[in-house]
Amino acid sequence: MHAPIYYAPETNPLRFGSVSESHASSLHTAPYRAKYSKVLHTVNRNRPVNLDLTKFHFPLPAITSILFRISGVIIFVMLGVLLYLLDSSLESSESFARVEGWMDGFFVKFVVWGILSALLYHLVSGIKHLIQDMGYMETMEGATIGAKVSIAISIILIVLAGVVVW
């Protein structure tokens, strides 16, 4: 194991600026090492060697919580598409017919179904989060059951949304 290198925050060579030679030689004095050695040894030992995110296995409640946030971002971004379609359809009767023609295309139907899917998942997961905020499903087992139920209800609603869109 290598001996640790001690740097005071103001003389860290990784920071911008230079350190004078007289000040740099004072970094290796005994009082400085005694002052910072415990902190630096603790920090160096507890540092992770490799943070490979593919090796982490998140529990189902964590995955559904992350998907809840992702669906919120999708809704926010795709709100612009929905507002554009609404604005285009309200300009005149010709523009309404044009937007109605767009809705017959596969790509637009797929985008609308994706927006509805994100909205429905976000709605169901939001209700689950509200129930958890009231004090229910606070254990890991309860949260896992709640995540499974919210995914099942979301899948059913998303399939029904697909039937309505197509």
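Can Phe68 be described as within 30 Å of Tyr136 (Cβ to Cβ) and modelled with pLDDT under 90?
The answer is no for Phe68.
Being surrounded by 12 or more Cβ atoms within 10 Å (Cβ to Cβ) and either assigned to a helix (DSSP H, G or I) or touching a Gly at 6+ places or on another chain (Cβ under 9 Å) (or both) is true for just one of Leu116, Leu83. Which residue is that? Write out each step before concluding.
Details: Leu83 fails: surrounded by 12 or more Cβ atoms within 10 Å (Cβ to Cβ).
Only one candidate passes the filter, namely Leu116.
Would you please name the residue that is farthest from Gly126 (Cα to Cα), looking only at residues in the range 50-75 that are of a type outside the set (Phe, Trp, Tyr) and outside any helix (DSSP H, G or I)?
Applying the first criterion (of a type outside the set (Phe, Trp, Tyr)) to the range 50-75 yields 50-55, 57, 59-67, 69-75.
Those still in the list that are outside any helix (DSSP H, G or I) too: 50-52, 57, 59.
Numbers: Asn50: 34, Leu51: 31, Asp52: 30, His57: 23, Pro59: 18 Å.
Among residues in the range 50-75 that are of a type outside the set (Phe, Trp, Tyr) and outside any helix (DSSP H, G or I), the one farthest from Gly126 (Cα to Cα) is Asn50.
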List the residue pairs whose Cβ atoms are under 9 Å apart, where the first residue sits in the range 150-166 and is in contact (Cβ under 8 Å) with a residue 60 or more places away in the chain, the second is among the polar types (S, T, N, Q), and the two are 6 or more positions apart or on different chains. Ser150/Thr64; Ser150/Ser125; Ile151/Thr64; Ile151/Ser125
Are any of the residues in the range 109-123 among the polar types (S, T, N, Q), under 23 Å from Ser65 (Cβ atoms), out of contact with any Phe, Trp or Tyr (no Cβ under 9 Å at 6 or more places or on another chain) and modelled with pLDDT of 95 or more? yes
Just to be sure I understand, how many residues within the range 119-166 are crowded, with 19+ Cβ neighbours inside 10 Å and under 19 Å from Phe58 (Cα atoms)? 7
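The values are calculated or read from the model by the stated rules, or taken from the named source; none is laboratory data. What you see is a predicted model, and the numbers here were worked out from it, not measured in a lab. Heads up, the Cβs are rebuilt from the backbone with ideal geometry, glycines too, and the neighbour counts pull from every protein chain shown.
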